[in-house]
Amino acid sequence: MYTKAEISSLQTLTKAFIEHPQNIELSALRKLLKFHEYQYYVVAEPLISDYEYDLLYQQLLNLEAASPHLIVLDSPTQRVGNSLNNNFETVAHLVPMLSLENSYNAEDLNDFDRKAREGAQLDNITYCVEPKFDGASISLVYENDMLVRACTRGDGVAGEEITQNIKQIRSIPLSIPLSEYGIQQMEIRGEVIMSKKSFADFNEKLKVKQLAPLANPRNAAAGSLRMKDPKEVAERNLDAFIYHISYFILAPKAQTPELLKTHSGSLELLWNMGFRSPQKEKKVISNIQGVMDFCTQFEMERDTLPYEIDGLVIKINDFALQEKLGMTSHHPRWAIAYKFKARQATTILENVEFQVGRTGAVTPVAKLKAVAIGGVTVSSISMHNEEYIREKDLRLGDTVIIERAGDVIPQIVQSIPALRKGTETIIEFPTSCPVCNYALEKEETEAVWRCNSPECTAQVVERMIHFVSKDAMDIKSFGDANIRKLYEMGLLKNIPQIYNLDFEVIGKLEGFGKKSVDNLKTAIEASKTQPLYRLIYALGIRFVGETTAKTIASPIHHILDLENLTEEQLQSFEDVGVKVAMSIFHYFHEEKNIILIKELEALGLNMIQTNATAVDGNLSGLNFLFTGTLTQLKRSEAEAMVEARGGHIVSGVSSKLNYLVVGEEAGSKLEKAKKIVTIKIISEADFVDLINK
């Protein structure tokens, strides 16, 4: 429908309008919104983030509200929804699926509440608040207890009929007990989603097949509904939340169920009928201030959910009051969406820097045109490795969509090839180390290019930073910045020099007062008595994390005992596999590493495993492993609790594991544990109960 030149021109205009809204011209703005609706709903290739679209749409609403005589019939504000795809049969909804008005702050919510109270002629209104699911909207019709039709939202008046695809979603029942409630027919609304775990698992399958990964759970869910083969839909393990009863017909002489007098009651009814409604997530709140407080708190906790949400929906709880307030042609007056801070944004990939880590791994880092996302300005994002760049077809100068999911490290979701102008260039991965010019190497089983030069300065610095880190030797007051500063000044060249610093010179440096120097001295001296496993972890042996370091430290007396073990003997240790054993073996057969260890021993560092008397507690002799995100405890705290009660922490699932403690978004360890009948799978709450017995 749009040529490449038209797409480029419209996207340029979009950015100009977003950055300079005072320059917006009404007819051009309408044209832009129609274009972006087409890209989103028909082509399924959005070119801007939801937040950016909302900004444009709100600006159009404002302009038309100020000049209602300029409103035209085909304005995006004058219809309920958006374009349809002709690949499916179109069917009409029993009741139109309206959009929701959006809010972004307390001022918007207060304004919504004021209008509602004025319209209802009440001093106060009770609201029901629930998650705004980030998926694909659907409408379901049940008659005489059976599912008879399912369709997409479409343009709000009619949608695409997708009944067979919807039947592949196991959380949507094929029949429900309508007759028990005196109901003959019911139309309900919901959202099809893909959980974070299902999304990750499916992308892993695509990776194995050497196919491009899906961009995000929302697009994955929306695209799934329109697949021609229902079997492919089933493979994606979709889920659905049902959150609204839009229409129902009672059987003769039947009375309206009591639960259908409030929205919160309707969610309970849907739950009772077998749907996954937000019955547990919802909250009924008696005033707008309480709503705002809940929104603030929920936004902070959104990432603990196993699925993506982009806000909350606030609805007047009383159905009679909803009926009284009615709706506009675009949205109901009794509901509003509170949108969280934007988690996606579009920007320009301006440059790529190649950074070298402590193991020699070369990581490409995207340098972006700075953009605000999720309350943070982002200008750099790791691109992981060469394969990542090729899979996503990233080029210098590309317009890219970035996402900051989980309030953690941002990632590039995708490039937008349709916006290329022909000046973009292929990203060339270096063949030699960008720091020391040593030839890069890549093992057949890895995706990472490495610099294996023992003299590479970048690796030297990164190894020292790791050595002093909290989970290693825990030398407080000696962080990243100080390591780099002292290295650049020639006062610190390698790990042993940490224990031979010239504190007289350091004390004269800016930022190093007497107290700072004394604290650093104390921390360095204290690190000499750290337990052996911390030293093993601090050495930075590939694939050896904290848990593995504890495992291999436990049966030995002196660290150099590891020099005398074969790979087969190392594999006999709990949860040490072929790859880890090979890495440990190679480390302790490199002369330079043995020299380093002996030098540290001469400086007074502990090299001995001091086996403390075994703790006799209620978990004695039991092996534990944690997976997923814990919400009550930190992982390190939970593991310490196990060890304090005589239990052991292992690094992987095997028949020797007694308890797998499962947090939110548990991954492959849970699936593996389910296949071993001797493993007890418990929740975090069960674990807390267990340790308190």
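Once Rh for region 571-693 is found with the Kirkwood sum over Cα pairs, what is the Stokes-Einstein diffusion coefficient at 20 °C and 1.002 mPa s, in µm²/s?
Stokes-Einstein gives a translational diffusion coefficient of 128 µm²/s.
Counting DSSP beta bridges in region 539-669, what percent are antiparallel, to the nearest 5?
Of those bridges, close to 25 percent are antiparallel.
Per residue of region 593-608, what does 6.51 cos²θ - 1.76 cosθ + 1.60 with θ = phi - 60° give for ³J(HN,Hα)? Whole Hz please, x for Gly and Pro, Karplus curve as stated.
Computed from phi, the couplings for region 593-608 are 6, 5, 4, 4, 4, 5, 5, 5, 5, 5, 7, x, 6, 5, 10, 10 Hz.
Taking H as built 1.01 Å from N, whose amide H comes closer than 5 Å to the amide H of GLU101, not counting residues under 5 places away?
For GLU101, the qualifying residues are ALA337.
Can you tell me the orientation of helix 50-66 relative to the chain, as the angle in degrees between its alpha-carbon axis and the longest Cα principal axis, to the nearest 10?
30 degrees
So between LEU26 and GLU444, what do we pick up on full extension, going 0.36 nm a residue minus the alpha carbon distance?
Numbers: separation 418, 0.36 × 418 = 150.48 nm, distance 5.70 nm.
Gain in length upon complete extension: 144.8 nm.
Taking H placed 1.01 Å from N in the peptide plane, check which residues at least 5 places from ILE373 or on another chain put their amide H under 5 Å from its amide H.
Amide H neighbours of ILE373: VAL378.
Within 15 Å, Cβ to Cβ, of LYS228, how many net charges do the neighbouring residues add up to if Lys/Arg are +1 and Asp/Glu are -1?
-2
Where does each of TRP449, TRP334 land when they are ranked from fewest to most other beta-carbon atoms within 10 angstrom?
TRP449, TRP334
Just going by the charge dipole of region 302-348, with Lys and Arg at +1 and Asp and Glu at -1 on Cβ, which of TRP334, THR347, THR304 is farthest out on the positive end?
Farthest towards the positive pole: THR347.
Before anything else, pin down the relative contact order of region 223-378: Cα pairs under 8 Å, at least 6 apart, normalised by residue count, whole percent.
Reported as a whole number, the value is 14 percent.
Just the number, please: percent antiparallel of the DSSP beta bridges in the chain, rounded to the nearest 5.
The antiparallel fraction comes to roughly 85 percent.
With a Förster radius of 25 Å, plug the Cβ-Cβ distance of ARG420 and THR363 into 1/(1 + (r/R0)^6) and report the FRET value to the nearest 0.05.
Calculated transfer efficiency: 0.50.
Sort the chain into rounded, prolate or oblate with this rule: let a ≥ b ≥ c be the square roots of the eigenvalues of the Cα gyration tensor; rounded if a/c is under 1.5, and if a/c is not under 1.5, prolate when a/b is larger than b/c, oblate otherwise.
prolate
Over the Cα atoms of region 133-207, each weighted equally, I'd like the Debye log10 I(q)/I(0) at q = 0.18, 0.22 Å⁻¹, rounded to two decimals.
These q points yield log10 I(q)/I(0) values of -0.79, -1.01.
Which values, in whole Å and largest first, are the semi-axes of the equivalent ellipsoid of region 381-432 obtained as the square root of 5 times each eigenvalue of the Cα gyration tensor?
Each semi-axis is the square root of five times an eigenvalue, giving 20, 16, 8 Å.
Starting from the coordinates of the alpha-carbon atoms of region 319-458, obtain the Kirkwood hydrodynamic radius over all distinct pairs and give the value in Å to one decimal.
One decimal place: 17.8 Å for the Kirkwood radius.
Just to confirm my numbers, what's the Cα centroid distance between region 384-433 and region 169-234 in Å?
The distance from the Cα centre of region 384-433 to that of region 169-234 comes to 29 Å.
With each label point set 7 Å from Cα along the Cα-Cβ vector, what nm distance links THR431 and LYS598?
About 4.0 nm separates the two model spin labels.
Given H placed on each backbone N at 1.01 Å, which residues far from ASP318 in sequence or on other chains put an amide H within less than 5 Å of it?
HIS263
For LYS261, go through the lysines and keep the ones whose alpha-carbon is under 23 Å away, minus same-chain ones fewer than eight residues off.
Result set, ordered by chain and number: LYS115, LYS132, LYS253, LYS280, LYS282, LYS283, LYS315, LYS324.
Given the Cα-Cα distance of SER668 and ASP229 and 0.36 nm per residue of separation, how much length would full extension add, in nm?
155.3 nm
Read phi for every residue in region 167-179 and hand back ³J(HN,Hα) as whole Hz from Karplus 6.51 cos²θ - 1.76 cosθ + 1.60, θ = phi - 60°, with x for Gly and Pro.
Those phi angles translate into 5, 7, 8, 5, 7, 9, x, 7, 9, 9, x, 4, 4 Hz.
Does anyone have the angle between helix 457-468 and the longest principal axis of the chain? Alpha-carbon axes, 0 to 90°, nearest 10?
It is inclined by approximately 90 degrees.
Under 14 Å from the 7 Å Cα→Cβ point of VAL505, by amide nitrogen: which residues of region 524-545?
Zone members listed by number: none at all.
Report the label-to-label distance for GLU353 and ASN452 in nanometres (one decimal), using points 7 Å from each Cα along the Cα→Cβ vector.
Here the answer is 2.8 nm between the modelled labels.
How far is helix 26-37 tilted off the main Cα axis of the chain, in degrees rounded to 10, range 0 to 90?
Roughly 70 degrees, rounded to the nearest 10.
Any read-out appearing in this document is the output of simple, stated calculations on the displayed coordinates, not a laboratory observation. None of these values were measured; they are calculated from a predicted model. So basically every Cβ, Gly included, is an ideal-geometry build from the backbone, and we count neighbours across all protein chains shown.
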